[in-house]
Amino acid sequence: MTSITLGIETSCDDTSIAVLEGESRLLANEVSSQIEHEEYGGVVPELASRAHVVNILPVFHRALDQADLRPEAIDLIGVTHTPGLIGSLLVGGAFAQGLALATARPLVPVHHLEAHVVANLLDHPSLELPAVALIVSGGHTLLVYVREWRRYEVLGRTRDDAAGEAFDKVAKLLGLGFPGGPVIERRARQGDASTIRFPRPMLDHEGYDFSFSGLKTAVLHWVEEHGPEEVEARLDDVCAAFQAAAVEVLADKTARAAADRDVPTVLLAGGVACNQALRTEVRERAGGRARVLWPRPVLCTDNGAMIARTAVLRRDEAIRPGEFDVLASSPLA
Ligand code: KG4
Ligand code: ZN
């Protein structure tokens with residue numbers, strides 16, 4: 001009989017629990033996204049952990065109902081233990097340890113960033129390694145060489161803001177709400193990127209590091225220089241120009257890394273990998289030599305499915321419940 005894995009994700013502002021049968025048959029992937037943070041234009045850590053406390057049991061029951069299973073059917077439990085907001089990680093961790101104790105099942109602590117990359121396996125089970133992976137989320141931006149699963153080399157990372165954070169901050173300064181990525185992408189589709197030229201930070205820099213805070217400041221200066229009426233009238237163009245600048249840098253460095261390492265596969269991962277302009281640009285620049293893959297949108301943003309799949313990959317690293325620890329940050333490799 002194939003085994004059943006429960007994946008629990010509470011590192012930031014989504015409470016998510018998934019049920020995975022075997023390696024890729026997803027029986028449930030329940031996500032409760034917190035709207036509490038909208039009015040603040042960013043995630044408020046204390047509000048996030050409180051909401052996880054309220055959400056986690058209902059999400060667990062919804063996931064089991066959806067999978068039509070009882071808790072005893074679970075064979076393996078995976079839970080995010082790093083990186084993330086400590087209070088939020090603790091809610092998932094405490095729940096997972098309680099469940100592991102009650103059901104006497106093994107518990108695998110999962111690295112959230114590894115899980116974002118591994119999410120690709122759920123939709124592309126036969127993908128070929130080695131790969132270059134671009135991890136672009138609200139808190140992280142990394143270019144990673146995936147030699148094989150569990151063996152990673154970080155090629156570059158952001159020196160300041162994450163890519164998703166830049167989308168969120170630009171949306172906030174334009175008064176577009178939170179999270180910023182989806183609304184900026186929507187606006188950008190109606191705008192003309194060529195009418196405003198924002199800088200491409202570190203594009204000519206030899207390495208694979210990124211920087212997005214200067215781009216965000218450039219948008220802020222444009223907004224300050226042009227008055228509210230013009231900003232309002234040209235919102236779509238501002239979004240399109242900002243997105244084009246961010247996407248060009250991300251796609252250029254990803255394609256360069258893929259060429260330098262001569263990999264057969266490029267993987268996009270994390271919430272910003274939902275962005276259609278980014279997908280198209282990476283495919284245009286790297287698609288000639290490599291297969292460019294990404295997971296379906298619900299598996300790009302935070303989800304329990306990617307945690308379950310990573311737990312399966314690392315099931316020989318299961319710990320006893322009392323040994324579980326959370327970490328606000330820790331390196332992927
Ligand atoms: O991976 P994720 O769900 O959470 C973290 O681990 O941070 O990523 C969330 C980030 C947010 O910054 C959000 O604005 C961004 O992903 N995002 C997008 C899009 N959808 C979500 N950014 C650009 N375009 C999108 N369509
Ligand atoms: Zn994430």
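ALA286 - would you say it is farther than 30 Å from SER11 by Cα, within 22 Å of the chain's Cα centre (by Cα), among the hydrophobic types (A, V, I, L, M, F, W, C) and away from ligand 1 (no atom under 15 Å from the Cβ)?
Values: farther than 30 Å from SER11 by Cα: yes; within 22 Å of the chain's Cα centre (by Cα): yes; among the hydrophobic types (A, V, I, L, M, F, W, C): yes; away from ligand 1 (no atom under 15 Å from the Cβ): yes.
Yes; evaluated as a whole, the condition is true for this residue.
Out of region 315-332, which residues are without any contact (Cβ under 8 Å) to a residue 12 or more places away in the chain and over 14 Å from ARG150 (Cβ atoms)?
If we filter region 315-332 for residues that are without any contact (Cβ under 8 Å) to a residue 12 or more places away in the chain, which is where we start, we get 316, 323.
Answer for region 315-332, where residues must be without any contact (Cβ under 8 Å) to a residue 12 or more places away in the chain and over 14 Å from ARG150 (Cβ atoms): just GLU323.
Hand me the list of helices (runs of 4 or more DSSP H) wholly inside region 237-318 holding 1 or more residues that are touching a helix residue (DSSP H, G or I) at 6+ places or on another chain (Cβ under 9 Å), more than 16 Å from ligand 2 (Cβ to nearest atom) and of a type in the set (A, V, I, L, M, F, W, C).
Values: elements: 276-286, 297-300, 304-313.
Because the criterion is at least 1 residues that are touching a helix residue (DSSP H, G or I) at 6+ places or on another chain (Cβ under 9 Å), more than 16 Å from ligand 2 (Cβ to nearest atom) and of a type in the set (A, V, I, L, M, F, W, C), the helices (runs of 4 or more DSSP H) in region 237-318 that meet it are 276-286, 304-313.
Could you tell me which residue of region 252-283 is nearest to TRP294 (Cα to Cα), considering only residues that are out of contact with any Pro (no Cβ under 8 Å at 6 or more places or on another chain) and among the small types (Gly, Ala, Ser)?
The extreme case among them is GLY270.
Which one is farthest from ligand 2 (Cβ to nearest atom) among residues in region 153-204 that are assigned to a loop (DSSP other than H, G, I, E, B), in contact with a helix residue (DSSP H, G or I) (Cβ under 7 Å, 6 or more places away or on another chain) and of a type in the set (A, V, I, L, M)?
Among residues in region 153-204 that are assigned to a loop (DSSP other than H, G, I, E, B), in contact with a helix residue (DSSP H, G or I) (Cβ under 7 Å, 6 or more places away or on another chain) and of a type in the set (A, V, I, L, M), the one farthest from ligand 2 (Cβ to nearest atom) is ILE196.
Please work out if ASN275 is over 18 Å from ALA163 (Cβ atoms) and within 10 Å of ligand 1 (Cβ to nearest atom). Please lay out each step first, then the result.
Working: over 18 Å from ALA163 (Cβ atoms): no; within 10 Å of ligand 1 (Cβ to nearest atom): yes.
So ASN275 does not fit the description; no.
Yes/no per residue for (1) among the basic types (Lys, Arg); (2) assigned to a strand (DSSP E or B); (3) within 16 Å of ligand 1 (Cβ to nearest atom):
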{"site": "ALA48", "(1), (2), (3)": "no, no, yes"}
{"site": "ALA63", "(1), (2), (3)": "no, no, no"}
{"site": "HIS81", "(1), (2), (3)": "no, yes, yes"}
{"site": "ALA94", "(1), (2), (3)": "no, no, no"}
{"site": "ALA100", "(1), (2), (3)": "no, no, no"}
{"site": "VAL108", "(1), (2), (3)": "no, yes, no"}
{"site": "VAL118", "(1), (2), (3)": "no, no, yes"}
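Any residue in region 163-191 that's touching a residue at least 40 places away in the same chain (Cβ under 8 Å): show its pairings with residues that are among the basic types (Lys, Arg) and away from ligand 2 (no atom under 16 Å from the Cβ) at Cβ separation under 6 Å, as long as the two are six or more apart or on different chains.
ALA166/LYS216; LYS169/LYS216; VAL170/LYS216
Each value in this text was obtained by applying a stated rule to the coordinates, not by laboratory testing. Nothing here was measured: the structure is a model prediction, and the numbers come from that model. With ideal geometry, Cβ positions are generated from the backbone for all residues, glycine too; neighbour counts draw on all protein chains shown.
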